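Asks: Here it is, the structure in full.
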């Protein structure tokens, strides 16, 4: 495959680290779970996003700004520019991935619009622009101007790495130069209320070789946590201005903000050799995963402030677990994986991809979850598809939102997903995600290698890797064995070896045609929560491979009420068979009973007349597919019957 | 005692109903739990509120408005007028209760300020007033103009019932007349985003005999739930504009709004003989108590929208359970009690008074809880006492809030509390709250009766009632026996009778000096939650009499971490003795053990090195007193050790 600008379409290109990522020019997803979703992204979601943003005039805002029209004509929230930029980024990846003319045309058209709105000094914003310098950066806390540049720059970096210099890149360079002038060492000592520009500038520095962008990113990271931002009604932790990044021990406040900031901090740490900063973020990640992360990988337990809660505050029903936090969590874990080579980061990416990112889009790609709760108490309601939903959480997916960060974030993640699948190091190649794909890459020592990965994962547990290209001497193939995969077996020729969590590694003088196979045990299992998570005490959750399952009311008999049922966890759930209505997804079945409810001391009780302890076996479906069959109640964590 | 205007200082005076309330001129609290708090209210809290509102210029806003000064000079949120009115109401009650000159002077001074800001046509608002008619009522959803009138009118009603006509009453009448003109049958078909004026107008109608105020209240109640208000980002349920009042089955949306509206609906139903509406609200109450109310009586489980959650969504840590919702819940339950005579309403009032209303003020009366969670995971932080806290929930009480509805609401409730203690009906007198007090009242048939109630309740279980005045023939004394009081005994002379929950009634030809005694069992007990409340599954809570208890970290040994402990619920908690630092409150003790925590599959765990299953007996304190000894973690619901 082509590597036109030496970066092979990689979403992230650290200057150093344990692992080197392979990009979308090196890894191609082949038909299977993720290729299906990537195709949905390219064929439906991207157009869906553009159509909505055109209709709501978020795209047109750039034309208004170019024409100097008054702000009162503008539509959308103050950060709507960023959605156009995220769509642009998705189109850059799509154009490179497919070579399709419409995506390429989309990049050109949107670039032209955006470029026209840029002011001579590089400033670019449809909400605050063209109103004179006093208005610019008048609300760093909530104005989102630097945040919007961040997404513009990320789109440009994707363009550079998949195509090379063009007008989009030039616009982003001008904007970045403007930021460096305004907020550099001699400029305003400010930061943006919503982090994002930090990682964007560090990446632009990597992609262009311009050191000053990295320095600006470093400045923004270092300035944070020192009270430069004004007071926020939810406290300074809301935008991570409470504690300096290198002094913090856990992620807190607005989850997407926290995760973008941490991503930028890793980028800065890696490029500047700042091991203290890297370890600080790694510790924050560990503590966050251990005590502030849902079973799905979802992050952010509070609707208020879209924020992390305290340790072990993980209510399933009020989980916010924003789709964008899922995307941002993958961005952060990917950076930490590349820096350290530790497989648990790839485990976390897998968990989040299958149970947050994949959960957001409806099967038809035309509506989305913004929040991803683990329990829906009452069936959700249908949001009028003609209007953007003002509600981030409605119990059913919505076609669009008043704040619609998630669909565009999903688009850029799906379009670039092949760039998160494999890595190389001195010794060989690591398959970080067990996805059907082909790989053509160059090892650091210059040897060309090629693999074909065939698998029905996550529905089937066999992953077959065929060597298609290999030259000159031994190298290693490492296949990630997820932490849940107790009893995995690696097979090569006559060899059959039990492999534990981490990487199953085989070093050989590989020849084309060589084949190795990893067999992962996919028997459904019950998972128990940490005893400190009060909200799900006494409950279990079903998992199968990387997938979290849930019980959805539409699958149960009329006797089963999801708030009045408990499962027999002494017997594991069993495969029930693929469900055609859910695209062939494996469903599970488990033994359960109705629980006696109602307290005669309470004035009202719904238990009257209900037989206690009736057997009500439950069907369970993959969590990421819930809510595709109309309004339903749902729960991941199910009370366990006493033994 | 005097009954200057025939309403005896009653907070609510229904035209009909099962019970007739006794007012503050008929019931006087005597030294004890509630008299102490009432004294704190009158001697500290009222002055505290006035000082803060003077310093923050919320009082001065009226002067600015009177002078026609520009809105940009105004301070405080758009509804800050209502806080001045609630303080005015508290001062009216205090002036009548104590006869003290400062309270009477406070009424006069504030009345003069308010009156000067009223416009010639009766319109009165410091935020929207004096800007021309186009600005008035330009934001019915969130402008709070009618809401503010509501509190003005409630203050005036308190004045009418404790003093009689004066300038405050005249101002409120002019405002009410203005509202009737603007929003009457021939006026604008609108309602206020925040209910409150409904109950205020109904009460003003009762207090003045003016039918048109009742008709206006009825119109506001009937118009609601039909989408007259614009869309709200949290949905129309936020301000109860989703379903007509008589069609709703449960309270929903913003809790204070819902409870004020329901209170107004009961007033309208009672005055118009609308039994269907009354029963609709009673059903909403039953369903709300059964599935949307905390053990403390607190209502509102969501920070977002300060709102009710779904049925059984009752997280202890994120409980909002706003103090004002507690006050409003008492207002509603009192109205339903008077209408129906059903004792469970008085039970609910007791639970809410002891565990929400009493929990709000610090022991010194100088800081307040706005939200009343049942679990504090990390020790709260001290809010700078020099500034109004922007945070409704901070884990510690704050002296004042940017939205400071709770301290003034608490003030008016405490000042009028004697008006919620006793009722009469054809047959005699009912003691609804077991508080030390003296009662002088007239039965509906004209006979004068008098009682003295002596009790150390809630710390002691004996309630002694001595007849001090009685003439001519038999009548009944009814003492409420709370639902939790299993094994209560009523004693009179040689008679000793087990009495069940409800009312212990004795009918006699009472003579002065007659004495009866109710003995309530106060042995501490464990309470288990409804099994459908997921958030506290497997937990128990300690209660003693009407008091909910909690474990607070400051009382425990260094080995006890409240998120890593479980109690032995096979043995009831035991009285440990009075605590001098908590005003002599009884503390409890229970057996508990550290629980093993930490999952080796997780990257980080705090369990390393901690011995599992160590005995860590817990001390528990009354919930209403928590947070008086500095930052602390706290929990009401404690995990139960497996048997």
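The values are calculated or read from the model by the stated rules, or taken from the named source; none is laboratory data. It should be emphasised that the depicted structure is a prediction, and the values quoted were computed from it without experimental measurement. Ideal geometry is used to build each Cβ from the backbone, glycine not excepted, and the neighbour counts take in all protein chains shown.
Asks: Could you go through region B:32-39 and let me know if any residue there is buried (at least 24 other Cβ atoms within 10 Å of the Cβ) and under 25 Å from residue B:427 (Cα atoms).
Replies: No, that holds for no residue.
Asks: Return the residues of region B:272-289 that are within 13 Å of chain A (Cβ to nearest Cβ) and either touching a strand residue (DSSP E or B) at 6+ places or on another chain (Cβ under 8 Å) or free of Cβ contacts under 8 Å to residues at least 24 places away in the same chain (or both); say none if nothing qualifies. Even if it seems obvious, please write down each step before you answer.
Replies: Of region B:272-289, the ones within 13 Å of chain A (Cβ to nearest Cβ) are B:282-289.
Across region B:272-289, the qualifying residues are B:286, B:288.
Asks: Take the residues in region A:62-85 that are in contact (Cβ under 8 Å) with a residue 40 or more places away in the chain and outside any helix (DSSP H, G or I); name whichever of them is surrounded by the fewest Cβ atoms within 10 Å (Cβ to Cβ).
Replies: A:68
Asks: Among the residues of region A:499-510, which ones are out of contact with any helix residue (DSSP H, G or I) (no Cβ under 8 Å at 6 or more places or on another chain) and either assigned to a strand (DSSP E or B) or within 15 Å of residue A:428 (Cα to Cα) (or both)? Quick ask: steps written out before the conclusion?
Replies: If we filter region A:499-510 for residues that are out of contact with any helix residue (DSSP H, G or I) (no Cβ under 8 Å at 6 or more places or on another chain), which is where we start, we get A:499-500, A:504-510.
Result: A:499, A:504, A:505, A:506, A:507, A:508, A:509, A:510.
Asks: Suppose we keep only residues that are surrounded by fewer than 23 Cβ atoms within 10 Å (Cβ to Cβ) and under 26 Å from the mean Cα position of the chain (by Cα) within region B:220-234. Which one would you say is nearest to the other protein chains (Cβ to nearest Cβ)?
Replies: Filtering region B:220-234 for residues surrounded by fewer than 23 Cβ atoms within 10 Å (Cβ to Cβ) gives B:222-223, B:225-234.
Okay, now just the ones that are also under 26 Å from the mean Cα position of the chain (by Cα), so B:222, B:225, B:234.
Values: B:222: 25, B:225: 17, B:234: 7 Å.
For region B:220-234, the residue satisfying everything is B:234.
Asks: Let me ask another. Residue A:251: closer than 27 Å to residue A:157 by Cα, in contact (Cβ under 8 Å) with a residue 12 or more places away in the chain, in contact with a strand residue (DSSP E or B) (Cβ under 8 Å, 6 or more places away or on another chain) and not in a helix (DSSP H, G or I), yes or no? Reasoning before the result, please.
Replies: Numbers: closer than 27 Å to residue A:157 by Cα: yes; in contact (Cβ under 8 Å) with a residue 12 or more places away in the chain: yes; in contact with a strand residue (DSSP E or B) (Cβ under 8 Å, 6 or more places away or on another chain): yes; not in a helix (DSSP H, G or I): yes.
When the stated conditions are applied, residue A:251 passes them.
Asks: Being in contact with a strand residue (DSSP E or B) (Cβ under 6 Å, 6 or more places away or on another chain) and assigned to a helix (DSSP H, G or I) narrows it down to one of B:418, B:339, so name that one.
Replies: Of B:418, B:339, the one residue that is in contact with a strand residue (DSSP E or B) (Cβ under 6 Å, 6 or more places away or on another chain) and assigned to a helix (DSSP H, G or I) is B:418.
Asks: Among the numbered criteria (1) under 27 Å from the mean Cα position of the chain (by Cα); (2) closer than 18 Å to residue B:119 by Cβ, which one does residue B:79 miss?
Replies: So residue B:79 meets the others, but not (2).
Asks: Looking for whichever is within 14 Å of another protein chain (Cβ to nearest Cβ) and in contact with a helix residue (DSSP H, G or I) (Cβ under 8 Å, 6 or more places away or on another chain) here; the options are A:359, A:333. Which one fits? Give the derivation first.
Replies: Numbers: A:359 fails: within 14 Å of another protein chain (Cβ to nearest Cβ).
Selected residue: A:333, the only one of A:359, A:333 that is within 14 Å of another protein chain (Cβ to nearest Cβ) and in contact with a helix residue (DSSP H, G or I) (Cβ under 8 Å, 6 or more places away or on another chain).
Asks: Ok, one more. Tell me, please, whether a residue that is in contact with a strand residue (DSSP E or B) (Cβ under 7 Å, 6 or more places away or on another chain), in contact (Cβ under 8 Å) with a residue 12 or more places away in the chain and part of a loop (DSSP other than H, G, I, E, B) can be found in region A:342-359.
Replies: Of region A:342-359, the ones in contact with a strand residue (DSSP E or B) (Cβ under 7 Å, 6 or more places away or on another chain) are A:343, A:346, A:354-355.
When the remaining residues are screened for being in contact (Cβ under 8 Å) with a residue 12 or more places away in the chain, the result is A:343, A:346, A:354-355.
So of that shortlist, the ones also part of a loop (DSSP other than H, G, I, E, B) come out as none.
There is no residue in region A:342-359 that is in contact with a strand residue (DSSP E or B) (Cβ under 7 Å, 6 or more places away or on another chain), in contact (Cβ under 8 Å) with a residue 12 or more places away in the chain and part of a loop (DSSP other than H, G, I, E, B).
Asks: Mind checking whether some residue in region B:313-323 is modelled with pLDDT of 95 or more and more than 26 Å from residue A:597 (Cβ to Cβ)?
Replies: Yes, region B:313-323 contains at least one residue that is modelled with pLDDT of 95 or more and more than 26 Å from residue A:597 (Cβ to Cβ).
Asks: Name, by its number, the condition in (1) within 14 Å of chain B (Cβ to nearest Cβ); (2) in contact with a helix residue (DSSP H, G or I) (Cβ under 8 Å, 6 or more places away or on another chain) that does not hold for residue A:480.
Replies: Every condition holds for residue A:480 apart from (1).
Asks: Okay, next question. Taking the stated definitions as given, is residue A:333 crowded, with 24+ Cβ neighbours inside 10 Å and not in a loop (DSSP other than H, G, I, E, B)?
Replies: yes
Asks: So which of B:463, B:449 ends up being touching a strand residue (DSSP E or B) at 6+ places or on another chain (Cβ under 7 Å), modelled with pLDDT of 95 or more, buried (at least 24 other Cβ atoms within 10 Å of the Cβ) and in a strand (DSSP E or B)?
Replies: Values: B:449 fails: buried (at least 24 other Cβ atoms within 10 Å of the Cβ).
Going through B:463, B:449 in turn, the sole match is B:463.
Asks: Anything in region B:363-403 that is away from chain A (no Cβ under 14 Å) and surrounded by 20 or more Cβ atoms within 10 Å (Cβ to Cβ)? List them, or say none. Break it down into steps so the answer makes sense when it comes.
Replies: Restricting attention to region B:363-403, the residues satisfying the condition of being away from chain A (no Cβ under 14 Å) are B:363-369, B:372, B:385, B:397, B:399-400.
Listed by number, the residues that qualify are B:365, B:367, B:368, B:369, B:372, B:397, B:399, B:400.
Asks: Tell me, yes or no, whether region A:511-519 has at least one residue that is under 30 Å from residue A:428 (Cα atoms), without any contact (Cβ under 8 Å) to a residue 40 or more places away in the chain and either crowded, with 22+ Cβ neighbours inside 10 Å or out of contact with any strand residue (DSSP E or B) (no Cβ under 7 Å at 6 or more places or on another chain) (or both). Working first, answer last.
Replies: Initially, region A:511-519 is screened for residues under 30 Å from residue A:428 (Cα atoms), giving A:511-519.
Right, trim to without any contact (Cβ under 8 Å) to a residue 40 or more places away in the chain and you get none.
No, that holds for no residue.
Asks: So which strands (runs of 3 or more DSSP E) are wholly in region B:528-643 and hold at least 1 residues that are modelled with pLDDT under 95, touching a strand residue (DSSP E or B) at 6+ places or on another chain (Cβ under 9 Å) and within 14 Å of another protein chain (Cβ to nearest Cβ)? Working first, answer last.
Replies: Numbers: elements: B:539-544, B:547-552, B:565-567, B:574-579, B:585-590, B:592-594, B:618-622.
Once the strands (runs of 3 or more DSSP E) in region B:528-643 are filtered for at least 1 residues that are modelled with pLDDT under 95, touching a strand residue (DSSP E or B) at 6+ places or on another chain (Cβ under 9 Å) and within 14 Å of another protein chain (Cβ to nearest Cβ), what remains is B:565-567, B:592-594.
Asks: So which residues in region B:292-304 are within 12 Å of chain A (Cβ to nearest Cβ) and in contact with a strand residue (DSSP E or B) (Cβ under 6 Å, 6 or more places away or on another chain)? Break it down into steps so the answer makes sense when it comes.
Replies: So the first thing to find is which residues in region B:292-304 are within 12 Å of chain A (Cβ to nearest Cβ), and the list is B:292-293, B:295, B:301-304.
B:293, B:295, listed by residue number.
Asks: I'm checking my understanding of the structure. Among residues of region A:307-321 that are facing chain B (nearest Cβ under 10 Å) and touching a strand residue (DSSP E or B) at 6+ places or on another chain (Cβ under 7 Å), which one is surrounded by the fewest Cβ atoms within 10 Å (Cβ to Cβ)?
Replies: Result: A:317.
Asks: Exactly one of these conditions fails for residue A:105: (1) surrounded by 21 or more Cβ atoms within 10 Å (Cβ to Cβ); (2) over 19 Å from the mean Cα position of the chain (by Cα). Give me its number.
Replies: Condition not satisfied by residue A:105: (1).
Asks: Something else: Among the listed residues B:269, B:325, identify the single one that is more than 16 Å from the chain's Cα centre (by Cα), surrounded by 24 or more Cβ atoms within 10 Å (Cβ to Cβ) and away from chain A (no Cβ under 14 Å). Give the steps one after another, and end with the answer.
Replies: Values: B:325 fails: more than 16 Å from the chain's Cα centre (by Cα).
After applying the criteria, what remains is B:269.
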